[in-house]
Every structure is written in C-alpha cells, then in structure tokens.
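Engineer: Pasting a structure here, questions to come.
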Amino acid sequence: MPKSKTPSKPAKAKAAAASAPGIDIGISAKDRAGIADGLSHFLADSYTLYLKTHNFHWNVTGPMFNALHTMFEAQYTEQWTALDEIAERIRALGFNAPGSYSEFVRLSSIREEPGLTAAPAWHDMVQQLVDGNEAVCRTARKVLKVADAGGDDPTADLLTQRLQTHEKYAWMLRSLLQ
Ligand SMILES: [Fe+2]
C-alpha cells in the first residue's frame with residue numbers, strides 16, 4: 001500500500017490560509033501583515049515587561065517593600081488586561097498572535113530577569129522597570145507610524161493609549177529614584 005505523504009508544517013499553514021475566509025476591512029493585505037508583525041513585537045515587549053513587573057512584586061525586599069509591592073501590583077494588573085487587547089487586534093487583522101515564552105524572548109526588545117536566583121536590589125528593580133516602560137514606548141512609536149501609514153485607526157488608538165500609560169509608569173518609577 002502506498003504511504004500517504006504527510007504535509008509539512010508550512011504547507012499545512014498555507015493550506016489553512018487558502019481555505020480561510022478573505023478579509024476586506026479597507027487595509028491592504030501587505031499593510032495588515034506589516035502592522036500585525038509590528039504588534040507581535042509590541043505584544044512581546046508588553047508581555048516581558050508585565051512578567052518582570054510581577055516578578056518584582058514577588059521578590060522585592062527592603063525598606064520600600066510595601067510601597068513597591070503595591071505599586072508593582074497595580075501596574076502588572078493593568079498590563080495583563082492590555083495584553084489581551086493587543087493580541088486580539090493582531091487576530092482582527094487576520095494573523096496569529098505569538099503566545100509562547102520562546103516566541104516572546106525572540107520578539108522582545110526587553111531582556112527578561114530571573115526571579116529564582118539573586119533578585120536585584122529594589123532601586124535596580126525600579127531602574128529596570130523605567131527602562132522596560134521606555135522600551136515599550138519606543139516600540140509603540142515605531143508601530144504607530146506603520147499603523148498610521150496603513151490607515152489603521154483602531155491600532156493607532158490602542159497604541160496611543162498604551163503610550164500614555166507606559167509614559168506615566170516610567171515617570172512614576174523614575175520619580176522614586178530622584
Ligand atoms: Fe500579590
């Protein structure tokens with residue numbers, strides 16, 4: 001009996017894309033792909049910063065414990081909700097969202113911080129979160145340009161809201177170090 005050939009992963013993805021219903025929301029396929037790619041990087045940055053903020057909520061020590069433990073919690077809780085909005089915007093544009101730690105590490109511009117061994121001192125944690133929030137802002141601004149060029153107002157709106165929030169977090173955290 002002849003063996004049936006199992007389709008490779010890219011061939012399967014191609015076949016799935018070909019059978020998927022078409023999308024015509026007034027943004028070209030090329031622009032949608034570029035915006036979705038930018039949003040994948042933005043999601044990876046946002047997820048890495050979320051995890052780092054939660055990590056520091058758990059592992060912070062020192063005289064600032066109470067203030068920082070509480071401040072980090074408020075920030076990671078808000079960030080967690082935003083992750084879903086970003087991923088679902090990628091889906092609305094017709095693409096899959098990254099959803100694994102290895103994908104986030106590959107796509108993120110922010111270096112993750114281990115929690116199990118040698119947690120940083122509180123002021124290093126705060127500095128890392130200032131840097132992380134600023135990095136998220138830089139990525140958002142890059143993607144915002146792509147979204148504007150493609151006439152994608154919902155993505156531009158989402159990124160503008162995230163910019164406002166992360167610039168505020170960066171300011172609040174920076175103020176702790178002055
Ligand atoms: Fe907690």
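The values are calculated or read from the model by the stated rules, or taken from the named source; none is laboratory data. These numbers come from a predicted model, not from an experiment. We place every Cβ from the backbone using ideal geometry, glycine too, and count neighbours over all the protein chains shown.
Engineer: If only one of Arg106, Arg89, Arg111 is more than 11 Å from the chain's Cα centre (by Cα), buried (at least 20 other Cβ atoms within 10 Å of the Cβ) and of a type outside the set (A, V, I, L, M), which one is it?
Structural biologist: Going through Arg106, Arg89, Arg111 in turn, just one is more than 11 Å from the chain's Cα centre (by Cα), buried (at least 20 other Cβ atoms within 10 Å of the Cβ) and of a type outside the set (A, V, I, L, M): Arg89.
Engineer: If the requirement is being at pLDDT 95 or above and on the phi > 0 side of the Ramachandran plot, which of these qualifies: Gly94, Gly38, Gly99?
Structural biologist: Answer to the check: Gly94.
Engineer: Of these, Thr61, Thr77, which one is within 16 Å of the ligand (Cβ to nearest atom), part of a loop (DSSP other than H, G, I, E, B) and at pLDDT 95 or above?
Structural biologist: Values: Thr77 fails: part of a loop (DSSP other than H, G, I, E, B).
Only one candidate qualifies: Thr61.
The rows are residues; the columns are (1) acidic (Asp, Glu); (2) within 21 Å of Ala33 (Cβ to Cβ); (3) not in a helix (DSSP H, G or I).
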position	(1), (2), (3)
Glu113	yes, no, yes
Thr117	no, no, yes
Glu134	yes, no, no
Cys137	no, no, no
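Engineer: Residue by residue through the range 114-140, note down the ones that are polar (S, T, N, Q) and more than 21 Å from Thr160 (Cβ to Cβ).
Structural biologist: Thr117, Gln127, Gln128
Engineer: Something else now. Between a residue in the range 69-81 that is closer than 11 Å to Ser46 by Cα and of a type in the set (Ser, Thr, Tyr) and any residue that is away from the ligand (no atom under 12 Å from the Cβ) and at pLDDT 95 or above, which pairs come within a Cβ distance under 7 Å, given they are 6 or more apart or on different chains?
Structural biologist: Within 7 Å, the pairs are Tyr76/Tyr50.
Engineer: Would you mind finding the one in Leu144, Leu43, Leu93, Leu49 that is free of Cβ contacts under 8 Å to residues at least 60 places away in the same chain and more than 16 Å from the ligand (Cβ to nearest atom)?
Structural biologist: Details: Leu43 fails: free of Cβ contacts under 8 Å to residues at least 60 places away in the same chain; Leu93 fails: free of Cβ contacts under 8 Å to residues at least 60 places away in the same chain; Leu49 fails: free of Cβ contacts under 8 Å to residues at least 60 places away in the same chain.
Just one listed residue meets the conditions, Leu144.
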